Amino acid sequence: MRLGRLIGKTVLAFAGFMAVFPLLWTALNSLKNNVDIITRVPRVVFTPTLANISYIIGRDSVMTGLYNSVIACGVAVLIGVVLGLPAAYAVARYPNRWAGDIQFFVLSLRFLPPVAVAIPLMVIWLQLGLYDTLTALIVTYSLLTISVIMWLAIPAFQAVPKEVEEAAFVDGYGAYSVFWRIALPVAARSLIGAVAFSFVLVWNEFLIALMLSSSNAKTLPIVASELSQQGMNVPWGILNASVVLLSLPPLLFLGVLSGFLNSVFRQKKT
Amino acid sequence: MPRRSSLPVTFVVPTLVILLILSMVPTLYAIVIALQNRELSSTAYSYVWFSNFVDLFFDRRFLNAVWVSVKWEVVTVVATMAVAIGLGVLMFEVASPRLRNIYCLLFIIPVLLPRVSAAFVWKFAYHPLYGIATYPYRLLTGGLIFDPLSKPATALFAVASVDVWQWGLFFAVIVLKLLETLPPQPIEAARLDHARRWQIHAYVTLPMLKAPLISLMFVKMIESLRSFDLIYVMTRGGPGVATETLDMYAFSQGFIESGKVSYASAMAVLMMIATVITFTMLWKRVQA
């Protein structure tokens, strides 16, 4: 029994190590000169350099990609919040006979293969003269953000105790001010988690951005993948630095999202 | 709740209308394009009706892509669930509450990474000469070369391992949280009956969690359809066509090799029909 526990703990520790080590190694490589990366025996001791990072930050294409990513994802998430949260509240609090169908419809948008959506959209945006613009990307991403935020916010609103809202109605609040002043603040913690999740989802999106942009509207994941297409000519340190830059924003939400997970499962318990 | 309020209508209708437009327009247009013979190189096109679909069934690369996609789906879903349940149960059994919190935080990190980042991280790690993941092999064999991404037999599994790294660890956290929500009485009863630890989980806790675990598997099946970024960065469908899934093949037909947009769209439409029918049926069964 003792031995079993020991093995279990070792396996867990190894899994924990595997979870972060590849990423840490990438971060380490981004501080290395090329000679320290291209070695048959991995080098842990080396003279660090900031050349890769400053090269990445100094490149126009990377900065444009970063700007495009921030704008496209930021605006799409904002649209998702404005349209998704009220709709989720209405479905959660005023259920009618279509509520189940609406929920299924929102979920089923996730079944659509991205290629199937991206090919026609490319043709449509070309015809409208909006191909390779942020507008096209934002509109397309809004489909993602609205549906994901709605899907996650419905249970969050359902978890708000009904009595609180009913008490507010008795106090003379209208339906809209109950939403604004009661439901939104009470559910805020879970809602922030849902919104953060939708941001991570579009930030990480690749296929649609790849097909809807050719030069002006490229997002950061596209720029990063192009760096690698130049093969071994690009020093690995620079590639590693771009991977680190691309990965930082989603990781900023680590705390929010793990709190969100905890709150989801705490609700189930009670 | 007040009976008569304009709130449900004003809140739901605009959002649903926008969602319907944003989803139905491209979906229907994908079908229209699939019935034509559009190409990237020219603006002229005409309707060819079902000939794209007929061609697909005689296209051996398409049939290969279907097979690769099915393999990808099965491998990633099964491996993810196995890793998730294994690590979830382990955390539940041997980790103290504090350690559990630390592991939960660590295990969420990979899934937050952009797929492009994850793909790069592992593409470097799998490099036959300089990779960190192939280093132990070089060390043990005295410098022999092992290149998992360029061997047809291992390439799919090497890419799938990245997907499992991201999702398996994340789902382990969810399995742990699910185990923590269970009432302790049945577990204690089983313990009093001298059941072994693994028996408690195999016969008591996991059967109790059957419904959420099936939902979890359902989510993974949907997410596994989005393999494109990983494969695009790591192997581009290669070596040969060993990792060419349907979305990868559709993309290369439409945009890299021949610019046959309509042909690519026909493929995408078949994918769409297959997934929508499969997942709708599965979802109804899960709900029932």
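The table that follows gives values for the structure above.
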item	result
Selection within region A:149-175 - touching a helix residue (DSSP H, G or I) at 6+ places or on another chain (Cβ under 8 Å), surrounded by fewer than 20 Cβ atoms within 10 Å (Cβ to Cβ), more than 20 Å from residue A:265 (Cβ to Cβ) and among the aliphatic types (A, V, I, L, M)	A:164, A:168
Test: residue A:209 is farther than 30 Å from residue B:236 by Cα and either open to solvent by less than 10 Å² (accessible area, probe 1.4 Å) or more than 10 Å from chain B (Cβ to nearest Cβ) (or both)	no
Single match in B:85, B:33 (criterion: surrounded by 18 or more Cβ atoms within 10 Å (Cβ to Cβ), within 14 Å of chain A (Cβ to nearest Cβ) and closer than 30 Å to residue A:11 by Cα)	B:85
Residue that is farthest from the chain's Cα centre (by Cα), among those in region B:154-197 that are open to solvent by 50 Å² or more (accessible area, probe 1.4 Å) and in contact (Cβ under 8 Å) with a residue 40 or more places away in the chain	B:197
Scope region B:94-120; condition within 7 Å of chain A (Cβ to nearest Cβ), surrounded by fewer than 22 Cβ atoms within 10 Å (Cβ to Cβ) and within 16 Å of residue A:5 (Cβ to Cβ); matching residues	B:94, B:95
Residue that is over 16 Å from the mean Cα position of the chain (by Cα), outside any helix (DSSP H, G or I) and aliphatic (A, V, I, L, M), where the choices are B:242, B:264, B:250	B:242
Conditions (1) of a type in the set (A, V, I, L, M); (2) touching a residue at least 24 places away in the same chain (Cβ under 8 Å); (3) within 12 Å of another protein chain (Cβ to nearest Cβ); (4) open to solvent by less than 10 Å² (accessible area, probe 1.4 Å); number of the one not met by residue A:178	(2)
Residues satisfying the stated conditions in region A:79-90, i.e. in contact (Cβ under 8 Å) with a residue 12 or more places away in the chain, open to solvent by less than 10 Å² (accessible area, probe 1.4 Å) and within 8 Å of chain B (Cβ to nearest Cβ)	A:84, A:87, A:89
Checklist (1) crowded, with 22+ Cβ neighbours inside 10 Å; (2) over 26 Å from residue A:5 (Cα atoms) applied to residue B:91, failing item	(2)
Region A:41-57 - residue that is exposed (fewer than 12 other Cβ atoms within 10 Å of the Cβ) and of a type in the set (Ser, Thr, Tyr) and, of those, nearest to residue B:135 (Cα to Cα)	A:47
Hits in region B:51-76 (condition: exposed (fewer than 14 other Cβ atoms within 10 Å of the Cβ) and either of a type in the set (Val, Ile, Thr) or under 15 Å from the mean Cα position of the chain (by Cα) (or both))	B:54, B:70, B:74
Among residues of region A:91-106, those that are at the interface with another protein chain (Cβ under 8 Å from one of its Cβ atoms) and basic (Lys, Arg), counted	1
Residue within region B:203-223 that is among the β-branched types (Val, Ile, Thr), part of a helix (DSSP H, G or I) and over 18 Å from residue B:88 (Cβ atoms) present	yes
First in region A:49-77 and more than 19 Å from residue A:32 (Cβ to Cβ), second anywhere and at pLDDT 85 or above and open to solvent by 60 Å² or more (accessible area, probe 1.4 Å), Cβ under 6 Å, 6 or more apart	none
Members of region A:107-141 found to be open to solvent by less than 10 Å² (accessible area, probe 1.4 Å), touching a residue at least 40 places away in the same chain (Cβ under 8 Å) and within 7 Å of another protein chain (Cβ to nearest Cβ), listed by number	A:115, A:119
Residue within region A:26-40 that is under 20 Å from residue B:128 (Cα atoms), open to solvent by 70 Å² or more (accessible area, probe 1.4 Å), in contact with a Lys or Arg (Cβ under 8 Å, 6 or more places away or on another chain) and more than 9 Å from every other protein chain (Cβ to nearest Cβ) present	no
Residues that are over 25 Å from the mean Cα position of the chain (by Cα) and assigned to a helix (DSSP H, G or I), drawn from region B:30-50	B:32, B:33, B:34
Residue match in region A:44-66 (condition: within 11 Å of another protein chain (Cβ to nearest Cβ) and either assigned to a helix (DSSP H, G or I) or touching a helix residue (DSSP H, G or I) at 6+ places or on another chain (Cβ under 9 Å) (or both))	yes
Residue ID - nearest to residue B:234 (Cα to Cα), chosen from residues in region B:121-135 that are touching a Lys or Arg at 6+ places or on another chain (Cβ under 9 Å) and open to solvent by 10 Å² or more (accessible area, probe 1.4 Å)	B:128
Extreme residue, farthest from residue A:225 (Cα to Cα), among residues of region A:67-77 that are surrounded by fewer than 20 Cβ atoms within 10 Å (Cβ to Cβ) and either of a type outside the set (A, V, I, L, M, F, W, C) or at the interface with another protein chain (Cβ under 10 Å from one of its Cβ atoms) (or both)	A:74
Positions within region A:135-158 being within 20 Å of residue A:222 (Cβ to Cβ) and over 18 Å from the mean Cα position of the chain (by Cα), in sequence order	A:135, A:136
Within region B:251-279, tally of residues that are at the interface with chain A (Cβ under 7 Å from one of its Cβ atoms) and surrounded by fewer than 16 Cβ atoms within 10 Å (Cβ to Cβ)	0
Candidate set: region A:181-209, residues that are free of Cβ contacts under 8 Å to residues at least 40 places away in the same chain and either in contact with a Leu (Cβ under 6 Å, 6 or more places away or on another chain) or not basic (Lys, Arg) (or both); chosen: the one farthest from residue B:229 (Cα to Cα)	A:182
Residue in region A:236-249 that is within 21 Å of the chain's Cα centre (by Cα), facing chain B (nearest Cβ under 10 Å), within 30 Å of residue A:132 (Cβ to Cβ) and surrounded by fewer than 17 Cβ atoms within 10 Å (Cβ to Cβ) present	yes
Filtered residues of region B:16-30 (kept if more than 8 Å from chain A (Cβ to nearest Cβ) and surrounded by 18 or more Cβ atoms within 10 Å (Cβ to Cβ))	none
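The values are calculated or read from the model by the stated rules, or taken from the named source; none is laboratory data. Here the structure is a predicted model, which means the values were calculated and not measured. No Cβ is skipped: glycine too gets one built from the backbone with ideal geometry, and neighbour counts run over all protein chains shown. The area values use the complete protein model at the heavy-atom level, side chains included, leaving out ligands, DNA and RNA. Shrake-Rupley method; radii C 1.70, N 1.55, O 1.52, S 1.80 Å.
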